[in-house]
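Just below is one structure, and these are the notes that go with it.
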Amino acid sequence: TTLIRAIVGVTGFDEGDIRIAGQSVRTDALACKRMTAYVPDNPDIYEFLTGIQYLNYISDIFEVPIDVRERRMREARIRQFADRLGLTSALGDLVSSYSHGMRQKLVLIGALVHEPTLLVLDEPFVGLDPEASFHVKEMLRELADRGSAVFFSSHVLEVVEKLCNKVAIIKQGTLRACGPTAEVVGDESLEDVFLDMIDRA
């Protein structure tokens with residue numbers, strides 16, 4: 001979580017640099033934020049807005065291009081994501097009436113609506129039902145296939161192993177393993193590799 005907060009510019013850091021598509025988080029923070037979307041582990045969002053108001057607000061912040069900013073087209077993109085996650089019927093409701101899972105879906109849609117270059121997620125599947133989790137995995141893969149990077153943290157190692165083509169294991173602020181998933185895992189499971197590292201600590 002600390003690393004993720006540094007990547008998205010929420011937490012400062014004393015040494016080194018973080019670059020997103022060649023831009024420095026330290027010296028070009030705004031440029032980095034324009035091409036990044038962040039889904040925190042706790043979807044704490046404006047409760048006085050309706051779901052669609054929140055998504056339109058996010059679209060405005062990220063300056064979705066003019067050709068998709070017309071109301072019918074912007075909502076068409078939102079509708080596509082909302083239909084897949086089963087949230088369409090609730091978009092007119094206040095966020096204050098949403099369950100944790102519904103808020104997680106809303107934040108995920110808001111993160112995808114401007115097609116970020118880098119999507120950063122902290123425990124993205126917490127609170128999601130199995131069907132929504134399946135569709136979120138599909139949506140993350142589709143975003144990556146279009147050329148974006150998806151960076152996420154999770155303690156659900158089976159999901160990480162199946163979904164990610166690269167993994168890193170960080171323990172107490174130290175990078176313990178990093179590389180293509182197949183190389184890090186070898187003949188074991190990612191869970192086995194992780195537990196071996198804990199035992200050797």
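The values are calculated or read from the model by the stated rules, or taken from the named source; none is laboratory data. Only a predicted model underlies this, so the values are computations on that prediction, with no experimental measurement involved. Calculation scope for accessible area: heavy atoms of the full protein, side chains included, ligands and nucleic acids excluded. Shrake-Rupley method; radii C 1.70, N 1.55, O 1.52, S 1.80 Å.
Taking all protein chains together and a 1.4 Å probe, the residues ARG84, ARG5 rank ARG5, ARG84 from largest to smallest accessible area. In percent, rounded to a whole number, the relative contact order of the chain is 19, using alpha-carbon pairs under 8 Å and six or more apart.
Largest to smallest in accessible area, the residues MET139, MET35 fall in the order MET35, MET139 (1.4 Å probe, all protein chains included). Residues whose amide H falls under 5 Å from that of VAL39, counting only those 5 or more places apart or on a different chain, are VAL120, LEU121, ASP122, with hydrogens built in the peptide plane. Computed from backbone phi with θ = phi - 60° and the Karplus coefficients 6.51, -1.76 and 1.60, the 3J(HN,Hα) list for region 123-130 is 6, x, 9, 5, x, 8, 6, x Hz; x is used for glycine and proline.
When SER59, SER97 are compared by accessible surface with a 1.4 Å probe, the order from highest to lowest is SER97, SER59.
Taking all protein chains as they are arranged and a probe of 1.4 Å, the heavy atoms of TYR98 leave approximately 10 Å² accessible to solvent.
For LEU157, the solvent-accessible surface computed with a 1.4 Å probe is close to 40 Å², ligands and nucleic acids excluded.
Axis angle, to the nearest 10 degrees, between helix 51-61 and the longest C-alpha principal axis of the chain: 70 degrees. From the P(r) of region 136-189, can you give the percent of Cα pairs sitting at distances over 18 Å? So the pairs more than 18 Å apart make up 34 percent of the total in region 136-189. Against the chain, whose longest principal axis comes from its Cα atoms, helix 71-85 is set at around 50 degrees. Dividing the convex hull volume of the alpha carbon atoms of the chain by its residue count gives 134 Å³ per residue.
Rounded to the nearest 10 degrees, the angle from helix 100-112 to the longest Cα principal axis of the chain is 90 degrees.
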